[in-house]
Amino acid sequence: MNLRLMSLACCVLLASCTSWETKKISTEDFLQQEQNSIDITEVDTYPVFESCSELSEKTVLKDCFEDFITNTLYSELSNHTIIVKESIHDTVWIDLVVDEKGQFCIEHIDLSPIVTQEIRSLPLWIHDAIRVLPKPAPATKRSMPVKTKFKVPVILKVNE
């Protein structure tokens, strides 16, 4: 009886060993699987200014980065005297890119026709304000620096 039981156990063990085999895949297949698993719309870490570097949570870091940019823009724009013929209550959208080296680039400034007409120097002032920003550490994806794009709102409230 023991011999039969041992024979049965050996057969079961040998039959199950084939399912333990490691499957080999080609390098191309592996790279394709890796590319498919990477979410290119999300970064591991956002760009970071030195003043935000002590923070650790991803969303808090992003908020700190965006708040710093917004506060700098408002501070720099408040240095200019704006005289308008019509009151303006509008939002200007800035498409801002931070490249792999931490350099800023304004990709686009979305101005309404009334803002374009009333505050002709605004794009120049926005460019000047961006130049004042300190260089951040770039965003990273899988420990590699990557380019990121932000849409920054600037709310204008100017009375005539």
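FYI, it's all coordinate maths here, none of it is from the lab. This structure is a prediction, so every number in the text was calculated from the model and none was measured. Note that we place each Cβ from the backbone using ideal geometry, even for glycine, and neighbour counts take in every protein chain shown.
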Listed by chain and number, the residues whose amide H is under 5 Å from that of VAL48, excluding neighbours fewer than 5 places away on the same chain and using placed H, are ALA137
With θ set to phi - 60°, apply the Karplus curve 6.51 cos²θ - 1.76 cosθ + 1.60 along the stretch 51-58 and write out the HN-Hα couplings as whole Hz, x wherever there is a Gly or Pro.
5, 9, 5, 7, 7, 10, 6, 4
Contour minus end-to-end for CYS105 and TRP93, with contour as 0.36 nm per residue of separation and end-to-end as the Cα-Cα distance?
2.9 nm
Name all residues of the stretch 65-84 having a backbone nitrogen under 12 Å from the label point set 7 Å from the Cα of LEU133 along its Cα→Cβ direction, giving them as ranges.
65-74
Under the Karplus curve 6.51 cos²θ - 1.76 cosθ + 1.60, θ = phi - 60°, whole-Hz ³J(HN,Hα) for the stretch 86-98, x wherever Gly or Pro sits:
10, 5, 10, 10, 8, 10, 9, 9, 10, 8, 10, 10, 10
May I ask which of LYS85/LYS135; LYS24/LYS58; LYS62/LYS101; LYS62/LYS85; LYS58/LYS135 have a Cα-Cα span longer than 29 Å here?
LYS85/LYS135; LYS24/LYS58; LYS62/LYS85
So what's the net charge close to GLU118: Lys and Arg +1, Asp and Glu -1, counting the other residues with Cβ under 11 Å from its Cβ?
-1
Computed magnitude of the charge dipole of the stretch 50-158 (debye, nearest 20; Cβ of K, R +1, Cβ of D, E -1):
300
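Add +1 for every Lys or Arg and -1 for every Asp or Glu among the other residues with Cβ under 11 Å from the Cβ of ILE88, and state the total. Walk me through the numbers before you get to the answer.
Working: positive: LYS85, LYS157; negative: GLU86, ASP90, GLU118, GLU160.
Charge balance in the 11 Å sphere: -2.
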Computed P(r) (all Cα pairs; the stretch 50-158; 5 Å bins; percent):
2, 11, 21, 24, 17, 11, 8, 5, 2, 0, 0
